[in-house]
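Just below is one structure, and these are the notes that go with it.
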């Protein structure tokens, strides 16, 4: 393709993703890093600023043979049609395979259930347009066709940037969590910058320079030295709820990465029994990528979080 006046000045990866609807920006960056993109005949960097008239060539490799095997893992299906599937992911299930770990994941289960998934997510991530952490339960959507994948990937990317926010618009997600202690007031909004932790590079922080992150919260139920809290994401950064809650002094109960050591014996007991962060993706709403129909799904609080809540309610009232 030849760069237009509208594309001139844009970053190469963004220009490619904008011109080729089947590619996300991350996928465009990967092709550039692999040397599959040239500008004026020369291999270019993803940060290159495109000039008017630049000849850009993108070589998309053929799909690799699928090496991830279907497995008869039970799924709780909330909705399914020819384009997508919505499931209720249990805690403890990894979303997609990684090198050396290709079994027991949501992708393995989806391949068995659906037989075919959208391919542009790559060999290890077919159908995957967003993720939940291994130990976070709740509503997820996966795609069966490439057109659905492209549309929902774009919608989730817009959500991450804080675009198309608000009820009945774009991707809308709410979560339920148990925090300890309770937030300082009934409702509130956290607005911070967000990026990788300066020391622990596998962690994230809201106390560093970076992208914008916005989380809305409301206390659903006060508990003993804790609260059941509903979170709504305005942006969709990795670990956003866990980091925002922790950095503001009321971490999620049981969080092994961002949690605080419980001072209260009952909280410590609940966290130990729970064995994971007390976080559940309770609702997900989005526009169907083909029909445009607004779809909304809800997952009830799972048994382990119900038990954690009940233990803290008993202490609060007794």
- Query: Which entry is the computed Cα extents along the principal axes in Å for this structure: (i) 94, 44, 33; (ii) 73, 44, 39; (iii) 95, 56, 28?
  - Reply: (ii)
- Between residue 189 and residue 6, what is the label-to-label distance in nm when each label sits 7 Å out along the Cα-to-Cβ direction? 3.1
- Label-point separation, residue 14 to residue 67 (7 Å along Cα→Cβ), nm: 3.5
- Measure nothing but the geometry: give the 0 to 90° angle between the long axis through the Cα atoms of 146-160 and the longest principal axis through the Cα atoms of the chain, rounded to 10°. 60
- Note on the structure: Footprinting proxy, 93, 140: sorted fewest to most Cβ within 10 Å, the residues are 93, 140
- Message: Can you tell me the orientation of helix 265-274 relative to the chain, as the angle in degrees between its alpha-carbon axis and the longest Cα principal axis, to the nearest 10?
- Response: 50
- Message: Can you give the FRET efficiency to the nearest 0.05 for residue 26 and residue 221, using r as the Cβ-Cβ distance and R₀ = 41 Å?
- Response: 0.60
- Item | Ranking of 250, 217 by count of other Cβ atoms within 10 Å, fewest first | 250, 217
- How large is the convex hull of the Cα atoms of the range 130-242 per residue, expressed in Å³ as a whole number? 130
- Residue-span extension gain [residue 201 to residue 103] - 0.36 nm each, minus C-alpha spacing: 32.6 nm
- Item | 222 nm mean residue ellipticity, helices alone, for the chain (DSSP H n ≥ 4; -39,500 (n - 2.57); rounded to 500) | -7000 deg cm²/dmol
- Relative contact order for the range 172-317, counting Cα pairs under 8 Å that sit 6 or more residues apart, in percent: 26
- Query: Against the longest principal axis of the chain, how steep is helix 303-317, in degrees 0 to 90 to the nearest 10, with axes from Cα atoms?
  - Reply: 40
- Scoring the chain by relative contact order with C-alpha pairs under 8 Å, at least six apart, yields a percentage of 14
- Message: With a 10 Å cut-off between alpha carbons and a GNM built on the chain, which of 184, 222, 90 moves the most?
- Response: 184
- Report the residue, chosen from 260, 96, 149, that carries the largest GNM mean-square fluctuation when the chain is represented by alpha-carbon nodes joined by springs under 10 Å. 260
- Exposure proxy check: 203, 272 ranked by fewest other beta carbons within 10 Å? 272, 203
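Values quoted throughout were computed directly from the atomic coordinates according to the rules given, and no laboratory measurement underlies them. Note that the coordinates shown come from a computational prediction; the quantities given were computed from them, not determined experimentally. Cβ: placed from backbone, ideal geometry, glycine included. Neighbour counts: every protein chain shown.
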